[in-house]
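Heads up, the thing below is written out as structure tokens.
The values are calculated or read from the model by the stated rules, or taken from the named source; none is laboratory data. Here the structure is a predicted model, which is why all the values come from computation and not from measurement. Cβ placement follows ideal geometry from the backbone for every residue including glycine, while neighbour counts extend to all protein chains displayed. For the accessible areas, the whole protein counts, side chains as well, though only heavy atoms, and no ligand, DNA or RNA atoms are used. Shrake-Rupley method; radii C 1.70, N 1.55, O 1.52, S 1.80 Å.
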Amino acid sequence: MARSSVRGEAPGTEDTTSTAVRDQEQDQGQGQGRSTDHGQDRSTTDDTRHRDTADDGRRSPADDADATADDAADATAEDPADAKDAGTTDDASDAGEATDAEDSGGTGDSGGAGDGHRPGRRRRRRRVLRWSATVLALVILGGAGAGYLYYERLNANIKSDDLNLGDAKDRAADTKANAAGQKALNILLIGSDARDSEENQKLGGARDTFNGPPLADVQMLLHVSADRSNMSVVSMPRDTLLSIPKCTDPDDGHVYKALERAMTNSSLSRGGPGCTVATWEKLTDIHIDHFMMIDFAGVVSMADAIGGVPVCVDANVYSHTRDGKGSGLKLAKGTHDIKGKQALQWLRTRYGFEDDTDLARAKAQHMYMNSMVRQLRSEARLSNPNALRRLAEAATEAITVDDGLDSIKKMYDLATELQKVPTERITMTTMPNRYVGSRVEPTEDAQQLFRLVREDIALDGKDAKGTEDAAQPTAGATPAAGATPTAGATPTASPSPGDQAAADGEIAVQVRNSTYTDELGSARGRANTVARLLVDQGFTEAVADNTPATAEKTTVVRYPSADLQGDAERVAKALGIPASAVKKSTDVSGVTLFVGADWRTGTTYEAPAQDDTTPESARAMNASDTSQCMHVDPDYTW
């Protein structure tokens, strides 16, 4: 397993947040200051379909935190209603983390304190995600000495690991900024099923897996749009068969060879979460900025700190089989507030929900996350200082993050971005897949879904902006990727800021004839014709590859590694080929243009209409939908 360092900040290097705490004391005086299934089979072989084992220019963060602490204290003491109104909220961040619970054991969480108001101070209503609870808890406690020490204590709780353990050739290029200079955020949420502690063993069950290699049984990609107007979550079934890239353990240098058609959950055991990140990047070509990982015990502690989250079942349910499999979840028909171990059971339940598959389990996880977001945004549940303290401690002790999130301040900064997304613009989906024996693999619809995320197109279908509007920052959005394309438009490729294209005459391009169809055969001479077209446009290094014609329905430009992405995009743009047709592939050794069946004649490429709708097979679910209720398999009722 990759290293898991504990990060603290040395004296004299405290950030603006800790300084704010000491300033507060001078003004105020010192104040007081994991998801899977119960005993289910954990095999990564192909014996079973699913593993059944214990199944924004703005004020600085410091200024905001200081002010928030003052306001929250006054609101609580003087006007409880104001305190509740100021409230706390969370977002898809912690919600997303909560889903990690189920199979692998991962729900994440954090909280934020609400604001109140004081005479002479404008009332601020800040909705803060649970992830910022750590900072808010600190300033509420107050006291330069006690507050600073507590801040350091929370920092020291944080465990971190390397972000990406894969080779450069398997990594996705950095996310592009849109016309307004804003960048999208991609965060991978991982639920580990590690049974490496007495508590995790008790919660996870499956004695034969104790102290074995951990598996990433819950994997969810959380995408926050560049303008912070929407959020998309994509879950991948744990038994998805895919290519796992070569990964290098940062601790001992051990190299894990690349695997083909391996289960995605096994990536975690190949050097750590950074290999799971590498696997996602190789499959989706989406650049991942951060990861958050949680285990069984972390799920339970975070769920307890959050408090009850309402969930619904349409019949009595008991997730238990005669041979001891199942999560152990037992609920009567109707709506229930669940927390702690029961929340873990819900997140892990497969047997008893719908068709008893991972797809049903992912749906239940999405319901829990959505409900949690609504619940925390509608109540001031975490306005109590003691509750905030407990949540701050639980959050920092429960999760492992990448080095880019290894301090309270970094988490707070992330939280301020996540909390900008309105609940009604959060969409949960599952990667479209098909069965391959007892396992699953991504379908063409999955590639469509990945493209929408990669191009920062909202999965709720509400991106009906013109290009000029799209270039304008959303209020409060931080310039930082992918511009949201006009709905129905087919944007041509533009070189990525992360990899500027070489001069046209220096770009080596191979052109292949891929016009073959069963009905028409291949169009002769297309590779030579298009290669000459490129040379005439200044791409003097373009050559025709006269190997036998292959078949591609549409024209596509492929490149092998991120350092050639800009070149590939430049070639595509010169020919009017859409950005969506520029793809990374290790099947080519350089920039390669495949002239498809949609360009059998002529020298002008006419791009086909582009479908930017979310595939129905992605099972999209909106976070504001309160009508969701899990269907119970009649075989598991009582």
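What the table shows:
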item	result
Residue identified as out of contact with any Phe, Trp or Tyr (no Cβ under 9 Å at 6 or more places or on another chain), surrounded by fewer than 21 Cβ atoms within 10 Å (Cβ to Cβ) and at pLDDT below 95 among 540, 490	490
Residue identified as open to solvent by 20 Å² or more (accessible area, probe 1.4 Å) and out of contact with any Ser or Thr (no Cβ under 8 Å at 6 or more places or on another chain) among 295, 249, 314, 289	314
Count - residues of region 613-638 that are open to solvent by 60 Å² or more (accessible area, probe 1.4 Å), within 22 Å of the chain's Cα centre (by Cα) and among the charged types (D, E, K, R)	2
Residue that is small (Gly, Ala, Ser), surrounded by fewer than 23 Cβ atoms within 10 Å (Cβ to Cβ) and part of a helix (DSSP H, G or I), where the choices are 549, 523, 574	574
Criterion violated by residue 245 - all others in (1) under 30 Å from residue 622 (Cα atoms); (2) touching a Leu at 6+ places or on another chain (Cβ under 9 Å) satisfied	(1)
Number of the condition not met by residue 358 [criteria: (1) closer than 22 Å to residue 216 by Cβ; (2) in contact with a helix residue (DSSP H, G or I) (Cβ under 8 Å, 6 or more places away or on another chain); (3) surrounded by 24 or more Cβ atoms within 10 Å (Cβ to Cβ)]	(2)
Given (1) open to solvent by 20 Å² or more (accessible area, probe 1.4 Å); (2) under 23 Å from residue 456 (Cβ atoms); (3) touching a helix residue (DSSP H, G or I) at 6+ places or on another chain (Cβ under 9 Å); (4) not acidic (Asp, Glu), number of the condition residue 581 does not satisfy	(1)
Pair list, Cβ < 8 Å and 6+ apart or interchain, from region 324-353 residues that are more than 18 Å from residue 366 (Cα to Cα) to residues that are of a type in the set (S, T, N, Q) and at pLDDT below 95	325/40; 326/40; 326/349; 328/345
Region 417-453 - residue that is open to solvent by less than 10 Å² (accessible area, probe 1.4 Å) and part of a helix (DSSP H, G or I) and, of those, farthest from residue 282 (Cα to Cα)	418
Given (1) hydrophobic (A, V, I, L, M, F, W, C); (2) in contact with a Phe, Trp or Tyr (Cβ under 9 Å, 6 or more places away or on another chain); (3) within 18 Å of residue 284 (Cβ to Cβ), index of the condition residue 591 fails	(3)
For residue 228: the one exception among (1) at pLDDT 95 or above; (2) within 18 Å of residue 164 (Cα to Cα); (3) open to solvent by less than 20 Å² (accessible area, probe 1.4 Å)	(2)
Lone unmet requirement of (1) within 20 Å of residue 364 (Cα to Cα); (2) at pLDDT 95 or above for residue 638	(2)
Failed criterion for residue 539 (all others in (1) more than 17 Å from residue 455 (Cβ to Cβ); (2) part of a strand (DSSP E or B); (3) touching a helix residue (DSSP H, G or I) at 6+ places or on another chain (Cβ under 6 Å) hold)	(2)
Flag if residue 530 is open to solvent by less than 60 Å² (accessible area, probe 1.4 Å), farther than 30 Å from residue 377 by Cβ and of a type in the set (A, V, I, L, M, F, W, C)	yes
Conditions (1) surrounded by fewer than 24 Cβ atoms within 10 Å (Cβ to Cβ); (2) over 20 Å from the mean Cα position of the chain (by Cα); (3) of a type outside the set (A, V, I, L, M, F, W, C): number failed by residue 282	(2)
Meets criteria (in a loop (DSSP other than H, G, I, E, B), on the phi < 0 side of the Ramachandran plot, modelled with pLDDT of 90 or more and charged (D, E, K, R)) for residue 456	no
